[in-house]
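Notes follow the structure.
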Amino acid sequence: MTVQNDTSAAHGVLLTDVAVAKVKSLLEQEGRDDLRLRVGVQPGGCSGLIYQLYFDERTLDGDAIVDFDGVEVVVDRMSAPYLDSATIDFSDTIEKQGFTIDNPNASSSCACGDSFS
């Protein structure tokens, strides 16, 4: 794991090897090499905050960027404290498919797992 450049601060979000492989696969399907995985939080959901996880071509002032084996993960300044030490993984089983976020900063979450406080 390396910081992308000197003007970007590091963030505490971790991406598992399985998640890195899935993100690379999705980026290959998109056919674009200018996209980054943006992770953030915004007000909403039944517990107060909801996760955002999407591809973004932009880099905004105050973004923290960390490179995971060629996958750039971007976290905005407001979201960084809520996501510090969070781990993003990818599950592909008969029971569940998709990205999961294990966040030690969440004091509670709703049943769906998408919202936390």
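The values are calculated or read from the model by the stated rules, or taken from the named source; none is laboratory data. Everything numeric in this text was worked out from a predicted model, so none of it was measured. For the accessible areas, the whole protein counts, side chains as well, though only heavy atoms, and no ligand, DNA or RNA atoms are used. Shrake-Rupley method; radii C 1.70, N 1.55, O 1.52, S 1.80 Å.
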Considering residues that are under 13 Å from the mean Cα position of the chain (by Cα) and among the small types (Gly, Ala, Ser), the number found within segment 41-99 is 6
Restricting segment 38-94 to residues that are part of a strand (DSSP E or B), among the aliphatic types (A, V, I, L, M) and open to solvent by 40 Å² or more (accessible area, probe 1.4 Å), the one modelled with the lowest pLDDT turns out to be Ile50
When restricted to Asp102, Asp17, the only residue open to solvent by 30 Å² or more (accessible area, probe 1.4 Å), on the phi < 0 side of the Ramachandran plot and modelled with pLDDT under 95 is Asp102
